[in-house]
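This report concerns only the one structure given below.
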Amino acid sequence: NVKLANSFKAADFYTKNFEKGLGRLGNSFKEAGETMSVGLTLPLVFLGKAASDAYAEFDALRRALGTVEPTATGLASRLKELREIAKMPGIGFQEAIQGDVRLRSVGISAEASAKILREFANAVAMTGGGKAQLNEITVQLGQMAAKGKVLAQDLRPIIEAAPAVAMALKNMFGTVSSEAISEQLEKTGKSSTDMINMLLIEMEKAPRVTGGWKNSLENLGDTLFVAKAEMFEVADNLFNLQEKMEGVAKTVEKFVQGFKELPEPVQKAILGITALAALLGPLSYGIGLVITSMSSLVTA
């Protein structure tokens, strides 16, 4: 009986220590997985990608603007001017650049383009619209200026995006019909570009829309977009990331070509190791959960 009791005590001692060991091991794996997946991997991936994406978009927009502002001084000045215009209700920074490029690419002057952005942004804001509506308007205005005629397929979307334009057209032509407006323009020998300039003069008479919470949120978004882009640009200049990225691309091409030439068993082994490395953080966390569950079952 004494030996049996001692055996039970020993079994109970080892069981409890096994439970504690499992618990510690499970927690260790969970903590390691959390550290790698949440504390290191995710912040680096998402924060780095956000800044990289912002810089990529900003750089593309700046290069597009460079097609109508070929000098560095002119480009910097125009970006600053468009940044100020973008602070108005009804327009965003990206949309301001895209609109400016569209309009000037079809022969509209820089001065007229800036005026179009300001006046149509105000018209959009008068009915609670925003930068999406203004983007649609600049597309249609660019097409109208390029065609030299006022067509319904261009005018109708403008009025839908900014109903305040309809009132200005009625004051000028007594109608919003594209056919009737075209007839009046033809009689006086004027083009669609002339009509746009006339429309701007009429739209200047409209009341000005002030800021507001929506505009503040959009301005904050623009500020964060520019900040992320400029921070990544500094990193690009300091570490020559673009050239290194191109070098990485060439290295990857060589690696893939070499990988394709390897025997199939070696390919499988490499792919297995790669998959394990990618899943190491989540896998460690998962192992920790399993071990912790086992510990709970032993206790039960």
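The values are calculated or read from the model by the stated rules, or taken from the named source; none is laboratory data. Worth saying up front: this structure is predicted, and the values here are computed from it rather than measured. Just the protein is used for accessible areas: all its heavy atoms, side chains included, with ligands, DNA and RNA removed. Shrake-Rupley method; radii C 1.70, N 1.55, O 1.52, S 1.80 Å.
Taking a ≥ b ≥ c as the square roots of the eigenvalues of the alpha-carbon gyration tensor, region 54-196 is classed prolate because a/c is 1.5 or more and a/b outweighs b/c.
Counting only Cα atoms, the size of region 170-264 along its three principal axes is 78, 36, 26 Å, in decreasing order. For the listed residue pairs K80/K115; K87/K205; K131/K205; K228/K254; K87/K147; K80/K244, the alpha carbons are over 26 angstrom apart in K228/K254; K87/K147; K80/K244.
Hey, any idea what % of region 39-178's accessible area is carbon plus sulfur with a 1.4 Å probe? In region 39-178, the share of accessible area belonging to carbon and sulfur is 58 percent.
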